[in-house]
1. How much length would be gained if the chain were fully extended between Val41 and Ala84, taking 0.36 nm per residue of separation minus their Cα-Cα distance, in nm to one decimal?
2. Which whole-number percent gives the relative contact order of the chain, counting Cα pairs below 8 Å spaced six or more residues apart?
3. Return the Rg/Rh value of the range 33-128, two decimal places, where both radii are evaluated on C-alpha atoms and Rh is the Kirkwood radius.
4. When the convex hull of the Cα atoms of the chain is projected onto a plane and the area is averaged over all directions, what value comes out in nm²?
5. Sketch the reach of a paramagnetic label on Leu14 as a point 7 Å from Cα along Cα-to-Cβ, and name the residues of the range 236-253 whose backbone nitrogen lies under 17 Å away.
6. If the chain between Thr162 and Ala74 were fully stretched, how many nm would it gain, using 0.36 nm times the residue separation less the Cα-Cα distance?
7. Can you give the accessible area per residue of the chain, in Å², using a 1.4 Å probe?
8. Would you mind checking the tilt of helix 39-57 against the longest principal axis of the Cα atoms of the chain, expressed as 0 to 90 degrees and rounded to 10?
Amino acid sequence: MTRHDRADPVTRFLRMVTGPEPPLDEAALAIAAGAAPDPEVAAVSTARARATLDELADGVTGFESLLHRLFTEAGFRGNSADYADPRNSFLPDVLERRTGIPITLSVVAIEVGRRAGVPLEGVGMPGHFLVRVPGTQRLVDAFDGGRRLDPAGCEELFRATTGAGPEVPFDAGMLPRTSTRQILARMLENLRATYGRSRDHDGLEWVLRMRLGLRHQGPELIRELGEVLAAQARWDEAARLMESWVDGPGRGSRSGADVLDQVRTEAMKHRAHLN
């Protein structure tokens, strides 16, 4: 896929997340389109995923029925064997393979529930994403086959996944309801880490561009995207990106003068490659 083609999924995602909260399923599918080899493949994959969500919701009559459909009949499970596989973050792949990571499996539960009239909300517990029946303490770990959790079970899971000791307090603030944008940001952060570890510059580029569209004003992502562009010998593009941030969003952010100067210096270093 050419760079021009690569920009299309990013543009569609950025349009989707501008304004009111976007539909979770469509925004998650838009993220997955960033990794598709071409627009035709993305369109087919997206249509198949929508149909699968509809099929999974058909006949679901309530909360327990939903859990039975997803985790007993359909067999959704966490991918413990290959947690870092980027396909775990792509909704079409998760629906096809019946495996993923906590947040994408939670997205499946939320969206199948929405279609069936069973409301669920995302819960951004540090270290492990969960779902909950709104207004209750009925929580579910979609990664662990739909295991039911109470607050005490959540604390045990939190300490097991983060390594936090008893000196770290655990209260209701550790189980916040997450907005659609927060879910999307967390999905993209997972991909950012995955592509960063594998030094996949092409993948990291579109992920960073999407992540920047979620109202991020700080310098960290801009600097990282500049490094990704420079690693592809796109030094002029990297410099212009960083200069644009310094003269625009950077001035309105909480970044101090020292940080702005550092970004300017990095832009100059990128331009030096052109001489």
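The values are calculated or read from the model by the stated rules, or taken from the named source; none is laboratory data. Keep in mind that this is a model prediction, so the values were computed, not measured. We place every Cβ from the backbone using ideal geometry, glycine too, and count neighbours over all the protein chains shown. Note: areas computed on protein heavy atoms with side chains; ligands, DNA, RNA excluded. Shrake-Rupley method; radii C 1.70, N 1.55, O 1.52, S 1.80 Å.
1. In short, 13.2 nm is gained.
2. Across the chain, relative contact order equals 15 percent.
3. Computed over Cα atoms, the ratio is 0.97.
4. Numbers: hull surface 64.1 nm².
It is 16.0 nm².
5. Answer for the range 236-253: 237-250.
6. This chain segment gains 28.7 nm when fully extended.
7. 48
8. Helix 39-57 and the main axis of the chain meet at about 20 degrees.
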